[in-house]
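The values are calculated or read from the model by the stated rules, or taken from the named source; none is laboratory data. Worth saying up front: this structure is predicted, and the values here are computed from it rather than measured. Here the Cβ is made from the backbone with ideal geometry for all residues, glycine too, and neighbour counts use every protein chain on show. For accessibility, only protein heavy atoms count, side chains too; no ligands or nucleic acids. Shrake-Rupley method; radii C 1.70, N 1.55, O 1.52, S 1.80 Å.
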Amino acid sequence: MGTLLRLVVAWASVAAFAVFGTGWLGDLASPLWVTGLFLWLFLVIMWSAFGVVHEAEDLAHRLGEPLGTLILTLSIVIIEVVLVSAVMLSAKDAPTLGRDTMFAVLMIVLNGVVGLGLLIGGLRHHQQRYNLKGAAAFLSVIIPLTVIALIIPNFTTSTTNGSLTPFQAISFSIFTIALYGVFLLIQTNRHKSFFLEAEAEESEAAPEGHKGEASAKAVLIHTALLLANILPIVLLAKSLAKLLDHGIAALGAPHALGGVLIAGIVFTPEGISALKAVSRNELQRAINLCLGAATSTVGLTVPAILAVGLITHQTVILGLAPTEMTLLAVTLILSTLTFSGTRTTVLEGAVHLVLFFVYLTLIFSP
């Protein structure tokens, strides 16, 4: 019943904005009207995102790990890419939006969700185990992807504002997609045992069949429901983008706030899913969700926003400010230290949370 109601509300909203959206968005002089429209779209998109997570988790249980978690992560990142692209196409003057969104996702996931998760897990279970090989594989890809996308553009001499030349944009996109593609092959095929619970890795030699045995009909049904929840988000993204751009300009809010809001809309359901997994002492699943989200965000968002920039001839600024580069570097070093052993405690969670609160402070007081 809940699934049906969510789909009815989402698609009814799509129909309403398709018919009346031009008129509704044509006059945004009234703050009350703008706020009402924004809340409507925000809540519908958020509810649909929860629907995406619900259907992806059902597929995860049917298909088994790590494929199930990968489906969830890719579904969420696709929504992020759509929202960022919609804002870029709508605003026509959002050169740092993609960068701000990626950085927000990295800070929210690697510091906020990981920190809170490790804190909850440490308080509830004292110490939690995970598969060190999987975490190391994620970080070995996250580090070069983030450095290529968010740091190197500041040090090239072809441009002076943290952007890339067309040749660099195409080359970096190819490198990013290639590295992410290799990682997906490792995660889903050659070394998928790295992303299972440590105990499950040892029994991976046994045939996969029981737990992942799912009827083709059930998989198709949940895949269709997954797409039915994603499509309203895609179709409503442009309207939300226009309201978001108008609101930030009207309030004189920091431009980085747009990236934070998009990251919050997209990753709140997945973050809640990760925290639930930690509370059930399923730290490996939480790590797959969090580090997988960080990997997929950079691996898919960078090529997408660079493509939008090249097609629309917009400037895309990827290089972070010095303060943000420092915070990213500390986060990557800290993540490497956190996931260098096979157990985690409350201390690691507390340190990550401190970095997350520093990030929030710097948004409003750079």
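Here are a few things to note about the model shown:
- Note on the chain: helix-only mean residue ellipticity at 222 nm, from DSSP H runs of 4+ residues weighted -39500 (n - 2.57) and normalised by residue number, equals -25500 deg cm²/dmol.
- Principal semi-axes of the equivalent ellipsoid, √(5λ) from the alpha carbon gyration tensor of the range 266-306, are 24, 10, 4 Å from largest down.
- Evaluated at q = 0.25 Å⁻¹: base-10 log I(q)/I(0), Debye formula over Cα of the range 127-201: -1.09
- For the chain, the membrane-span-like helices by this rule, meaning whole DSSP H stretches whose C-alpha atoms cover at least 18 Å of axis and whose Kyte-Doolittle mean is 0.0 or above, are 2-26, 31-63, 67-91, 132-146, 166-185, 216-251, 256-279, 283-312, 322-338, 346-364; this says nothing about an actual membrane.
- Anisotropy class of the range 283-348 from Cα gyration tensor, a/c 1.5 cut: oblate
- Dimensions of the range 228-303 from C-alpha coordinates, computed as largest minus smallest value along each principal axis and given longest first, are 45, 30, 26 Å.
- Computed packing ranks the peptides 16-26, 106-116 as 106-116, 16-26, most packed first, by mean other Cβ atoms within 10 Å.
- Stokes-Einstein D in µm²/s, Kirkwood radius over Cα pairs - the range 25-130 at 10 °C with 1.306 mPa s viscosity: 94 µm²/s
- Protection proxy ranking of 350-356, 99-105 - average other beta-carbon atoms within 10 Å, highest first: 99-105, 350-356
- Computed P(r) (all Cα pairs; the chain; 20 Å bins; percent): 29, 59, 12, 0
- For I317, nonlocal amide neighbours, meaning residues 5 or more places apart or on other chains whose placed amide H falls under 5 Å from its own, are T96.
- Fraction of accessible area attributable to carbon and sulfur, the chain (%, probe 1.4 Å): 70 percent
- Using the average count of surrounding beta-carbon atoms within 10 Å as a protection proxy, the listed peptides 28-36, 179-187, 256-264 rank, highest first, as 256-264, 179-187, 28-36.
- For the chain, the solvent-accessible area with a 1.4 angstrom probe is 44 square angstrom per residue.
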